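Notes follow the structure.
Readers should treat all values here as calculations from the given coordinates under stated rules, not as data from a laboratory. Source: prediction; values computed, not measured. Glycine gets a Cβ as well: all are built from the backbone with ideal geometry, and neighbour counts include every protein chain shown.
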Amino acid sequence: MALDQSFVGRTYPPTDPYEVGREKIREFAEAVGDTHPAYIDPEAAKALGYSDVIAPPTFVFSITFKAAGQVVRDPQLGLDYSRVVHGDQKFAYRRPVRAGDRLTVTSTIEAIKSMAGNDIVDVRGEVHDEAGEHVVTAWTKLVARAAEEG
């Protein structure tokens, strides 16, 4: 059964603040194999004009995907998470994420489509710092695969 189109435009409350730590940035950079000095060395980051280490561009996926969980868990929407796969991801930055940032995410459903029995939900996550400044927008595409017939 196709998801209700009236959910397009629905915005969910901002998440609790997530404090970005140096160690989390370093661990993430190592996990993705990106050892740029600005990700692991505060002095290298400062030499590039940053106040502390910065995070690789895909670092915010972990907090924006978690925030999209509000959409997934919305019982009125009725998305079957047991069939969901991650379809796509993109980011538009205003500035890099820095160690010490306290970030919140506000998720909005941008689109709902049905294709070949699959439900496709596009979620936009607006990430702001503690001062309310916009840091990055992340778009996540969730695909709930069609139920197997059997």
Revision key, fill the gap. Assertion target for 114, 107, 82, ordered by fewest C-beta neighbours within 10 angstrom first, is 82, 114, 107
Revision key, fill the gap. A correct Karplus calculation of ³J(HN,Hα) over the stretch 49-60, with 6.51 cos²θ - 1.76 cosθ + 1.60, θ = phi - 60°, whole Hz and x for Gly and Pro, returns x, 9, 6, 7, 4, 10, 9, x, x, 8, 3, 5
Practice item. Towards the positive end of the charge dipole of the chain, with charges on Cβ (+1 Lys, Arg; -1 Asp, Glu), say which of 62, 7, 105 has the farthest Cα. Key: 7
Point to revise | Tilt relative to the chain, helix 22-31 - C-alpha long axis, 0 to 90 degrees, to 10 | key: 60
Practice item. May I ask you to list the GluC sites (Glu not before Pro) in the stretch 28-132 that are in a DSSP loop and have at most 15 other Cβ atoms within 10 Å of their Cβ? Key: 130
Review point. Regarding the stretch 33-99, what whole-number volume in Å³ per residue does the convex hull of its Cα atoms give?
Key: 114
Review point. What share of all Cα pairs of the stretch 77-150, in percent, falls into each consecutive 5 Å distance bin?
Key: 4, 15, 22, 18, 13, 11, 9, 5, 2, 1, 0
**Study point:** Fluctuation leader among 87, 100, 33 - the chain, Gaussian network, Cα springs under 10 angstrom
**Key:** 33
Check your understanding: Add -39500 (n - 2.57) for each DSSP H run of 4 or more in the chain, then divide by its residues: what number comes out at 222 nm, to the nearest 500 deg cm²/dmol?
Key -> -5500 deg cm²/dmol
Practice item. Please give the length that would be gained between residue 147 and residue 89 if that part of the chain were fully extended, namely 0.36 nm times their separation in residues minus their C-alpha to C-alpha distance (nm, one decimal). Key: 18.5 nm
Check your understanding: Mind checking the angle between helix 61-72 and the chain's longest principal axis? C-alpha axes, 0 to 90 degrees, to the nearest 10.
Key -> 30
Check your understanding: Near residue 24, which aspartates and glutamates are there with a Cα under 18 Å away, not counting those fewer than 8 places off in the same chain?
Key -> 16, 34, 41, 43, 52, 101, 129
Point to revise | All-pairs alpha carbon distance profile, the chain, 5 Å steps from 0, percent | key: 2, 10, 18, 19, 16, 12, 10, 7, 4, 2, 1, 0, 0
Point to revise | Spatially proximal lysines relative to residue 141 (Cα-Cα < 22 Å; intrachain offsets below 8 disregarded) | key: 66, 90, 113
Study note, to complete from the structure: With 0.36 nm assigned to each residue of separation and the Cα-Cα distance removed, residue 73 to residue 2 gains 23.9 nm
